[in-house]
Ligand SMILES: [Ca+2]
Ligand SMILES: [Ca+2]
């Protein structure tokens with residue numbers, strides 16, 4: 001919840017007598033009931049309460065959802081459509097998981113699932129098979145054409161955050177193939193255990 005604090009310039013207890021602070025309100029100097037604020041970006045969308053105060057006291061409004069209209073695409077557009085009314089702004093972050101289904105908002109965006117409703121589809125499936133070249137691990141990941149998202153595949157012998165190495169198609173026996181609906185990542189099995197994961201990156205972040 002964000003709080004938009006407005007200070008009123010005179011101390012009258014009657015709202016009809018109030019004058020807005022011209023610095024805060026972008027040049028308004030009369031007691032008009034409408035507040036206009038410029039320089040809004042999609043990052044400002046969310047839930048607000050407005051607190052108006054002067055020397056006579058203060059009053060706080062009901063929760064107000066601010067929606068930023070206009071051409072907003074990619075994750076920001078999806079966030080406005082699905083997460084504009086979450087009580088906490090942090091719940092709309094790409095890394096947040098407000099429905100606690102183990103999928104971040106970015107993954108929900110990627111998979112076109114509901115970020116406020118737990119769902120457990122879209123889980124990668126892996127298997128190991130014996131080939132002429134030795135043991136090969138293959139993992140199938142759901143895929144969806146999604147504006148502004150790049151998929152990165154990584155492997156590691158351990159789950160620690162530092163150990164992940166990027167996988168490149170055609171290097172060290174790695175193959176990364178894609179269809180309209182999935183990625184198929186395969187690589188030789190080396191060592192007693194190994195992990196493969198897909199990481200999503202938002203363009204420019
Ligand atoms: Ca989630
Ligand atoms: Ca979900």
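No lab work stands behind these numbers, since they all come straight from the coordinates. Since the model is a prediction, treat every value here as computed from it, not as a measurement. Cβ coordinates were reconstructed from backbone atoms using ideal geometry, including for glycine residues, and neighbour counts include every protein chain displayed.
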One finds, for residue 201 and residue 117 with R0 = 22 angstrom and r their Cβ-Cβ distance, a FRET efficiency to the nearest 0.05 of 0.35
May I ask you to compute the full-extension gain from residue 90 to residue 50, defined as 0.36 nm times their residue separation minus their alpha-carbon distance, rounded to one decimal in nm?
-> 12.5 nm
For labels at residue 159 and residue 63 in the simple 7 Å Cα→Cβ model, what's the distance in nm?
-> 3.4
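Taking the beta-carbon count within 10 Å as an exposure proxy, list 109, 48 from fewest neighbours to most.
Neighbour counts put them in this order, fewest first: 48, 109.
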Decide, for segment 125-202, between rounded, prolate and oblate: order the square roots of the alpha carbon gyration tensor eigenvalues as a ≥ b ≥ c, take rounded if a/c falls under 1.5, and otherwise choose prolate if a/b is larger than b/c, else oblate.
-> oblate
